Amino acid sequence: LVFTEEDKYGVYSSLLFKYFLAEGVVCGHDLFVASAKEHPDSILKELPAPLLDEQRNELGEEATAVKSEDFQDSMKIAWRYQNLPKMEASPTTSTKFGHYYDLSKTMSPELFQPIKWHSFYLPEELSLQPTVKTRSMNSAYGRLLLSIQRIISQEGFDGSDPQKKQKNILRIGIQSLGSLLWGDDICCSDTPEDIHSLTKFLYVLRGLLRKSLSACVITIPAHLIENKAIMERVTNLSDTVVGLESFIGSERETNPLYKDYHGLVHVRQIPQLNSLICDVSDMKDLAFRLKRKLFTIERLHLPPDLSDTVSRTSKQELAGSAKLLSSGCGAMAIGKKHLDF
């Protein structure tokens, strides 16, 4: 179960959502797309087209050339850093994993022909069965769970029930869960009427995922949820939690330090095998950029500090005092050993 915290305007989280579904199409997996805002048919029509290896190599060489030019320009200013080894921007290894996609083109209909996909569009479900009621959770969540459970059992994804047909994987994508369109009020009130509805849904969903050959990606408008206790429960019920912070409308959008990036990627939690708790990623500084054809996630590299006014010794003292102060009162010392109140 992978949770993606949506960026403020939902621009980049929808791209990651479509990447996940597009990878399922290329790999021949079954798809289940659920949404209360955009019709699943429209989402599938906008999936990016896969790149061939030759095209991917050309794009990679072009991106490397652009980076080297930027690097040389920056080194003209920071001349004393010319002989330092170059840092690898990509956090991935050199081995190929998955596929690459061209955002400027949509996937051809021929690729969808061998794929079996299922959709759940909440307005249609409400019109078909207006009298469905669930006692323990929101009606929309109950309908969605019943639909997922039916597909897992009927299409042969139930791991506890041996199936005669060839095994496959079900990719489940749920868009903007927890928003007002799902009939939940956690995004508009600090004390919602049914504060445990989303938690109950995730608890049952995780049980379905554990006993089936399926994987699920859910996007959630975390910036709208005022009650932080709900987000803590959501995190605890997820295996992986990733947050996207867009620079649109913020001060960082015009900050020259972040001119090469469009936002930050926060890895809140990653799964840890053979453990009751989830691990926290060591890679803290990740940023993303949206190019003409590619959406890339890289290590965040800010320009080096060229200030000659602060000596190396004073910087070490500053770092040491900051450590001591941050452990005691949660503050950072700026330029001095002691705090000024």
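With every protein chain left in place and a probe of 1.4 Å, what is the accessible surface of residue 117, to the nearest 10 Å²?
It works out to around 100 Å².
Given the pairs 228/291; 45/167; 45/200; 8/291; 211/293, which are separated by over 30 angstrom at their Cα positions? Could the numbers behind the result be given before it?
On the way: 228/291 34 Å; 45/167 26 Å; 45/200 32 Å; 8/291 20 Å; 211/293 38 Å.
In this structure, 228/291; 45/200; 211/293 exceed 30 Å between Cα atoms.
Heads up, I need the accessible area for residue 297: 1.4 angstrom probe, whole protein in place, Å², nearest 10.
Surface accessible to solvent at residue 297 totals approximately 60 Å².
Label the range 167-212 by shape, choosing from rounded, prolate and oblate, from the square roots a ≥ b ≥ c of the eigenvalues of the Cα gyration tensor; if a/c is under 1.5 it is rounded, and otherwise prolate applies when a/b is larger than b/c, oblate when it is not.
Details: a/c = 5.07, a/b = 2.07, b/c = 2.45.
Oblate is the answer for the range 167-212, as a/c is 1.5 or above yet b/c matches or exceeds a/b.
In whole percent, and with a 1.4 Å probe on the protein chains, what portion of the accessible area of the range 103-248 is carbon and sulfur?
Numbers: 4040 of 7630 Å².
Of all accessible area on the range 103-248, carbon and sulfur atoms account for 53 percent.
Would you kindly state how much longer the chain becomes between residue 154 and residue 39 on full extension, computed as 0.36 nm times their sequence separation minus their alpha carbon distance, in nm to one decimal? Could you put the intermediate results ahead of the total?
Working: separation 115, 0.36 × 115 = 41.40 nm, distance 2.34 nm.
Contour length minus the Cα-Cα distance gives 39.1 nm.
Is the range 161-266 rounded, prolate or oblate when judged by the Cα gyration tensor, a ≥ b ≥ c being the square roots of its eigenvalues, rounded requiring a/c under 1.5 and prolate requiring a/b larger than b/c?
Working: a/c = 2.91, a/b = 1.45, b/c = 2.01.
Judged from the Cα gyration tensor, the range 161-266 comes out oblate (a/c at least 1.5, b/c at or above a/b).
The values are calculated or read from the model by the stated rules, or taken from the named source; none is laboratory data. Treat the numbers as computed from the prediction; the structure is a model and nothing was measured. With ligands, DNA and RNA removed, areas are computed over all heavy atoms of the protein, side chains included. Shrake-Rupley method; radii C 1.70, N 1.55, O 1.52, S 1.80 Å.
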